[in-house]
């Protein structure tokens with residue numbers, strides 16, 4: 001099969017932990033042809049199909065540094081591939097949004113895109129949890145300074161976060177003393193111009209912010225607990241958290257088995273649920289990670305499970 005990965009520049013990959021690389025490696029092991037491009041390479045012109053301009057057909061070298069070799073470069077119509085995998089990392093900004101529309105046009109032309117572009121737009125990673133209130137901690141979404149202050153007064157210990165952050169960027173904790181609450185609100189809501197999410201602090205973060213992967217509607221049996229280090233409140237690996245793989249809990253499974261089939265039916269082949277304690281905090285759909293960390297620590301082959309599901313989805317869509 002011919003697979004096109006729409007991703008960040010290949011040269012930026014840290015192959016020892018990169019999930020997209022692990023997908024490519026498993027796909028190559030099965031004999032699939034690998035192509036790659038950046039969202040900026042997507043082009044549509046009236047009378048033609050959505051095309052990846054200058055897409056690169058690559059083979060994997062097995063070298064940790066120079067890990068790929070370009071076999072050819074060509075303008076590749078997305079409809080001429082067997083599958084397009086949208087793996088551009090967040091943030092979900094205007095350019096990401098525009099790329100999903102180009103990918104949606106490619107779908108109309110016959111391309112098979114995973115995750116489905118419309119589903120990417122419909123599931124902003126922090127706000128998607130609102131559909132499942134039975135699994136989340138007390139949560140507020142607002143621009144209002146007064147509403148945030150009232151929420152803090154009720155819950156005393158809260159987390160504030162921007163809706164467009166990634167990797168733990170822009171997350172603040174405010175305890176019972178309310179120290180710096182006003183300044184933090186001003187920083188995040190920009191005088192009421194931007195919406196903020198506020199959640200009751202979940203103390204189980206000390207045991208880790210768990211990434212629970214769901215592939216084709218089915219939970220991976222192991223998660224990665226990203227444990228804050230030192231004085232940090234953030235477990236994100238990008239913020240210095242330590243990743244420890246462990247079996248998913250009964251609560252993790254309950255959340256995953258509820259959300260997974262719904263997400264799969266909407267065209268989300270791969271979802272990363274973030275769970276702290278018993279509480280769902282995010283539903284990641286743009287470019288979920290942690291394949292390699294879980295596989296390396298447990299021996300469970302997450303990339304194999306994913307490519308199995310991808311192959312089945314391609315055949316089902318044929």
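Points to keep in mind about this one:
- Estimated [θ] at 222 nm from DSSP helical runs (n ≥ 4, -39500 (n - 2.57)) normalised by residues in the chain, nearest 500: -9000 deg cm²/dmol
- Over region 2-122, equivalent-ellipsoid semi-axes from the Cα gyration tensor in Å: 23, 16, 13
- Going from the fewest other Cβ atoms within 10 Å to the most, the residues 179, 169 appear in the order 179, 169.
- Length-normalised contact order of the chain in % [C-alpha pairs under 8 Å, at least 6 apart]: 18 percent
- A P(r) calculated from all alpha carbon pairs of region 125-189, with 10 Å bins opening at zero, reads 19, 55, 25, 1 percent.
- Between 267, 191, 167, the residue with the greatest mean-square fluctuation in the GNM of the chain (Cα pairs under 10 Å linked by springs) is 191.
- Debye log10 I(q)/I(0) at q = 0.10, 0.13, 0.14 Å⁻¹ for the chain, Cα point scatterers: -0.59, -0.96, -1.09
- Compared with the direct C-alpha span, the chain from residue 53 to residue 16 gains 10.5 nm at full extension, assuming 0.36 nm per residue.
- Sorting 44, 67 by the number of Cβ atoms found within 10 Å of their own Cβ, with the fewest placed first, yields 44, 67.
- Taking 27, 52, 40 in turn, the Gaussian network model of the chain (Cα-Cα springs below 10 Å) assigns the largest fluctuation to 40.
- Here the contact order of region 138-201, divided by its residue count and restricted to Cα pairs under 8 Å and six or more residues apart, works out to 49 percent.
- Solution diffusion estimate, µm²/s, Stokes-Einstein, region 204-304, Kirkwood Rh from C-alpha pairs, 4 °C, viscosity 1.567 mPa s: 97 µm²/s
- Spin-label model, residue 190/residue 93: points 7 Å from Cα along the beta carbon direction are separated by 1.2 nm.
- Residue of 293, 125, 257 that the Gaussian network model of the chain assigns the largest fluctuation, springs spanning Cα pairs under 10 Å: 257
- Burial ordering of 60, 102, fewest other beta-carbon atoms within 10 Å first: 60, 102
- Angle in degrees between helix 250-265 and the longest Cα principal axis of the chain, rounded to the nearest 10: 50 degrees
- Relative contact order, percent, region 2-122 [alpha-carbon distance under 8 Å, six or more residues apart]: 27 percent
- Cα centroid separation - region 2-41 against region 285-317, whole Å: 13 Å
- Residue 30 versus residue 122: modelled label distance in nm, points set 7 Å from Cα along the beta carbon direction: 2.6 nm
- Taking the centroid of alpha carbons for each part, region 66-99 and region 165-192 are 35 Å apart.
- Stretching residue 238 away from residue 314 to a fully extended chain increases their span by 24.1 nm, per 0.36 nm per residue minus the current alpha-carbon distance.
- Derived value for region 1-70: Kirkwood hydrodynamic radius 12.8 Å. Basis is the mean of 1/r over every pair of different alpha-carbon atoms.
Values quoted throughout were computed directly from the atomic coordinates according to the rules given, and no laboratory measurement underlies them. The structure displayed is predicted, hence computed values, not measured ones. Backbone-built Cβ (ideal geometry, glycine too); neighbour counts: all protein chains shown.
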